[in-house]
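These notes are about the structure you will find just below.
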Amino acid sequence: MASARFKPEDELWGSTKVTLQTVTSVHGIERLEADYAQLSRVTGEALPFCQHAWHASWCRHFLNCDPRIEEAPLFHILRNARQECVAILPLIVSRRRLGPLKVVSVSSLGADPAITEIRTPLILKGYETLTAHTARESLRKVADLDWINWCGVTGGFASALDAGANLHWEAPVSDFVLDLPPSWEEFRSGLKRNIRESLRHCYNSLARSGHSYELEVIERPQDVQQALSRFLQLHRMRAACRRGVAHPDRFASPVSRDFLFTVCERLAAEGSLRLFALKIGADTVAMRIGFVVRGALYLYYSGFDPKWWSFSVMTTTMAEAVKYAIGQGLRTVNLSPAKDIAKTRWGPRQIDYGSAYEIHDSLRSRLANSAYLRIKSGQGSNILRRFLTPHRWNGPPG
């Protein structure tokens, strides 16, 4: 809940009491930790992808990974008359060049291979319109800007952006969240019959085969490296498994793995990391990464040993993580985006995050954006694909 002293200013338009700071270096982003903590507290934002540790680590690992794309931070920090932070827009400016042809775009931090699952700004309620207006005015100063990709926008901020320009909206990113009752028994009784049957199968199949299990919750910073190494093994095993739904290896590249170690170590130091490890005997057979922020658990990527497929060990891990969250008095469990039966069978509520392109009113910019979107969807010529492909993530810059 927002602190009572954080209130939108009267007559914000044209007020000299509201200031904008733009941060254009990784060092400058590291110095914003107090602003992130303050704004996260008053907004109640619970997504790990909005935390300072995530944004600072991302910039250190992912900026300029692709030699064809020159990137730089362009974070917009809005403060009120009391110099309290009321909005953070973590923006990245990208410049592509092929001979005389160049394309300049601005987008929210998190253009990575599905590592940052939800890209959204931090804005205190009541400042959405001012933030949209101020950011737009500032971005007009970016030389040769072709388009802006507004990501993860909802509610008042989405309305404010839509009112000020001709936006080209994309399909929203749908997130799925469980609201937790006080007890596991109450939670379980509210589930649909099919998931209750799945849960019975998980636990009974292990017991019938004489297997005992335990859930280890790893959160100490000194335990992170060893636990993540086992997680990556299990994640690769899951990706290689040809049974069931295909799951790509999200951490196949060195830069993605290095980022995972860094951000998890930082979040563990802040008390936010939870690594859920399902152990059968002495073996860890399944794992899922979790983040606890503002009384909410976010369940991130997972992995398991396919030898234990018939025992549905990932469902058991999920159930044990929910039990843990209830036992800790957490309010919600976020199952992450992407609509699939593994999430919807738990009966979560859906939250949609909008994404829209704001394109400069020139023929060249419109054509460039149209080509970019075609290539993003797997179409387009080879020459344009080499020039406009969103990113390559093979490793850190040389």
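The values are calculated or read from the model by the stated rules, or taken from the named source; none is laboratory data. Quick caveat, the model's predicted, so the values are computed rather than measured. Note that we place each Cβ from the backbone using ideal geometry, even for glycine, and neighbour counts take in every protein chain shown.
Below are the figures for this structure:
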quantity: Conditions (1) surrounded by fewer than 23 Cβ atoms within 10 Å (Cβ to Cβ); (2) out of contact with any strand residue (DSSP E or B) (no Cβ under 7 Å at 6 or more places or on another chain); number of the one not met by VAL106; calculated: (2)
quantity: Residue ID - modelled with the highest pLDDT, chosen from residues in region 165-179 that are charged (D, E, K, R) and in contact with a Phe, Trp or Tyr (Cβ under 8 Å, 6 or more places away or on another chain); calculated: ASP175
quantity: Checking ARG243 against (1) at pLDDT 95 or above; (2) surrounded by fewer than 23 Cβ atoms within 10 Å (Cβ to Cβ), the condition it does not meet; calculated: (1)
quantity: Exclusive hit being without any contact (Cβ under 8 Å) to a residue 60 or more places away in the chain, polar (S, T, N, Q) and not assigned by TED's automatic domain parsing to the domain that holds GLY290, set SER138, SER107; calculated: SER107
quantity: First in region 304-315 and within 16 Å of GLY281 (Cα to Cα), second anywhere and of a type in the set (Lys, Arg), Cβ under 6 Å, 6 or more apart; calculated: PHE304/ARG238
quantity: Any hit, region 79-97, residues being at positive phi, in a loop (DSSP other than H, G, I, E, B) and touching a residue at least 24 places away in the same chain (Cβ under 8 Å); calculated: yes
quantity: Matching residues, region 129-145, being surrounded by fewer than 23 Cβ atoms within 10 Å (Cβ to Cβ) and touching a helix residue (DSSP H, G or I) at 6+ places or on another chain (Cβ under 8 Å); calculated: THR129, HIS133, ARG136, LEU145
quantity: Number of the exception - GLY44 against (1) of a type outside the set (D, E, K, R); (2) closer than 24 Å to ILE289 by Cβ; (3) within 15 Å of the chain's Cα centre (by Cα); calculated: (3)
quantity: Evaluation of ALA114 against (1) within 20 Å of the chain's Cα centre (by Cα); (2) buried (at least 16 other Cβ atoms within 10 Å of the Cβ); (3) closer than 30 Å to ALA319 by Cα (one fails), failing number; calculated: (2)
quantity: Test: GLU70 is in contact (Cβ under 8 Å) with a residue 12 or more places away in the chain and over 19 Å from the mean Cα position of the chain (by Cα); calculated: yes
quantity: Answer residue from region 213-232, given it is in contact with a strand residue (DSSP E or B) (Cβ under 7 Å, 6 or more places away or on another chain) and touching a residue at least 60 places away in the same chain (Cβ under 8 Å) and is surrounded by the fewest Cβ atoms within 10 Å (Cβ to Cβ) among those; calculated: GLU214
quantity: Region 223-256, subset among the hydroxyl-bearing types (Ser, Thr, Tyr) and in a helix (DSSP H, G or I), residue farthest from TYR300 (Cα to Cα); calculated: SER229
